[in-house]
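Written out below as structure tokens is the structure these notes cover.
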Amino acid sequence: MSAVTYVFGYTGRISLNALYALARICVLINDTLNWTFIQPLRGKGLRWRSAVEHFVQFGVNSLPIVGLICFLIGGIMAMQSVYLLRAFGATQYVANLVGVIAVRELAPLMTAILLTGRSGSAITAEIGTMKVSEEIDALEVMGLNPTKHLVVPKFLAMILAIPCLTVLGALIMIFGGFAVTVWVVGLEPDVYINNTIKSIKIRDFATGLSKSFFFGIVICLVGVYRGFQVRGGAEGVGHMTTSSVVTSIFLIILVDLVFTYLFFF
Amino acid sequence: MSYVADPIIEVRDLVVRYGDRTVLDGVNFTVNRGETFVILGGSGCGKSTLLRNLVGLMRPYSGSIRINGQDITTMSDQERVEVRKKLGMCFQASALFNSMSVGDNVALPLREHTALEESTIDIMTKIKLELVGLGGFENYLPSELSGGMKKRAGLARAMAMDPEIIFYDEPSAGLDPIVAAGLDALIRKMQQTFNLTSVVVTHEMASVRLIADRVVMLLAGRVVGLGTLDELQQSEHPFVKQFFERRPDDESDNREEFIRSLTGQDND
């Protein structure tokens, strides 16, 4: 009897908690969209300066590391492709492979994962610390909306920064592949460039960019959600920052799968 | 000092629960306009929870809180923003925004809630900082200030919108006696200069004696004493007496029980 109650109680608690979490996430999404797109039209204003500052922080300052990683990944991808394609004597198709995969898949994914580590964690830590030191309460008592003041600037900056970074990352990744293929494998530069241009369609860019846009939403909202969940002191901030990065990467892969499936046909 | 009874905050049958645990249980009191009202009690008696309810950071389980006649427990977010423009709050750890300078902290509510020119806001910020004795510190970051200065800056920020009521959460916690006394004097000065209503949560008897007009005393979520300090000192309630006499809990009765709880034989 007690085992039965235990099982039912356990499942019930888990499902209830999941439902509460879902409800809180819906409220967060609703609030964020409301304060980003609807309230500014009603004359409530947007914190542009803060959004620009965050854009610099998330976007411009991430450029060196995103560029470096994308360049290296491009090179690695080219070498692996050459290894496979050499058997068929099709080395010139390395350009197609690297180009399409970079634009459709790896550039959005690598950028998103880097931004999760770099900016998603920073969002959680910032909001979490503000929560611990009662700064969020202070905003509310002043009659200032925490979503408007803290979430919206980050949200705007993120959804604008990540597609830009993705495009630059894709170009650098293709250049990384070019560098390896031309200087290491010894393919003609013109062949590589021509094949790249021929193989990449607008549709590929559309896939990559729409993906990265949704990755940006995931990174920002997970970061914010985990930040507001912080309880206790410094330990809580650390715990939730870890959790933010893990959740974010998991959801990014999940969103990636869904989008790849949608654009597969 | 004498007052015309003019209630500005009315708390009726306030019940607050965290899950199954009742933290405040039927609290009733009124704060009159222009007085310094102290919420007194031991640690964990629910005084911080009461304060969070008064400023609307938490919603009670039942009961009502009226500020200027409006019940803040049932109003919409929009209406609450309007009420909050007339409230100021000083947090225990001052809760200054660490990413902004002291001046920007004070200017923030003015920039967001008023259509004043930046030059006017600048002047007002300077006036508020001067008022709390922090003139010339507007370009410092909160991390560059000492604990007492942070509290003063927090007070300047709370005063920015010229509020009617100001709430203080443990104003002298973590400060040395001299700085704490300075803050008490400041609380008194604010109240007298601007006819501010002040609600102070504290457990420091020394500062209660200096600033309090009336006191409410809480024990385990219930009101055990309400009135002026003199009235409370006449109280026959054992906890109130113990609190004022600064006596520890009687341990002798519990010793046997304590040993039993250690050996795990308390159920026999």
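The values are calculated or read from the model by the stated rules, or taken from the named source; none is laboratory data. Just so it is clear, the model here is predicted, and its values are computed rather than measured. Using ideal geometry, Cβ is built from the backbone for each residue, glycine included, and neighbour counts are taken over all protein chains shown.
Just a few scattered comments:
- Residues of the range B:108-130 that are of a type outside the set (Asp, Glu), more than 8 Å from chain A (Cβ to nearest Cβ) and in a helix (DSSP H, G or I): B:LEU110, B:ARG111, B:SER119, B:THR120, B:ILE121, B:ILE123, B:MET124, B:THR125, B:LYS126, B:ILE127, B:LYS128, B:LEU129.
- Any chance B:LEU210 is part of a strand (DSSP E or B), surrounded by fewer than 19 Cβ atoms within 10 Å (Cβ to Cβ) and not charged (D, E, K, R): no
- Of the set (1) in contact with a strand residue (DSSP E or B) (Cβ under 9 Å, 6 or more places away or on another chain); (2) at pLDDT below 80, all apply to B:SER207 but (2).
- Scanning the range B:206-230 for residues that are among the hydroxyl-bearing types (Ser, Thr, Tyr) and farther than 23 Å from B:LEU14 by Cβ gives a single hit, B:SER207.
- Test set (1) away from chain A (no Cβ under 14 Å); (2) farther than 20 Å from A:GLU134 by Cα - B:LEU50 fails condition number: (2)
- Any chance A:PHE250 is buried (at least 18 other Cβ atoms within 10 Å of the Cβ) and part of a helix (DSSP H, G or I): no
- Considered as a group, the residues in the range B:82-107 that are facing another protein chain (nearest Cβ under 7 Å), assigned to a loop (DSSP other than H, G, I, E, B) and among the hydrophobic types (A, V, I, L, M, F, W, C) include one that is surrounded by the fewest Cβ atoms within 10 Å (Cβ to Cβ), and that residue is B:ALA93.
- Test: residue in the range A:23-46 that is among the charged types (D, E, K, R), surrounded by 11 or more Cβ atoms within 10 Å (Cβ to Cβ) and more than 29 Å from A:THR247 (Cα to Cα): yes
- Test for B:VAL15: is it part of a strand (DSSP E or B), away from chain A (no Cβ under 14 Å) and either surrounded by fewer than 20 Cβ atoms within 10 Å (Cβ to Cβ) or polar (S, T, N, Q) (or both): yes
- Subset tally (residues that are at the interface with another protein chain (Cβ under 7 Å from one of its Cβ atoms), part of a helix (DSSP H, G or I) and out of contact with any Phe, Trp or Tyr (no Cβ under 7 Å at 6 or more places or on another chain)) for the range A:113-136: 0
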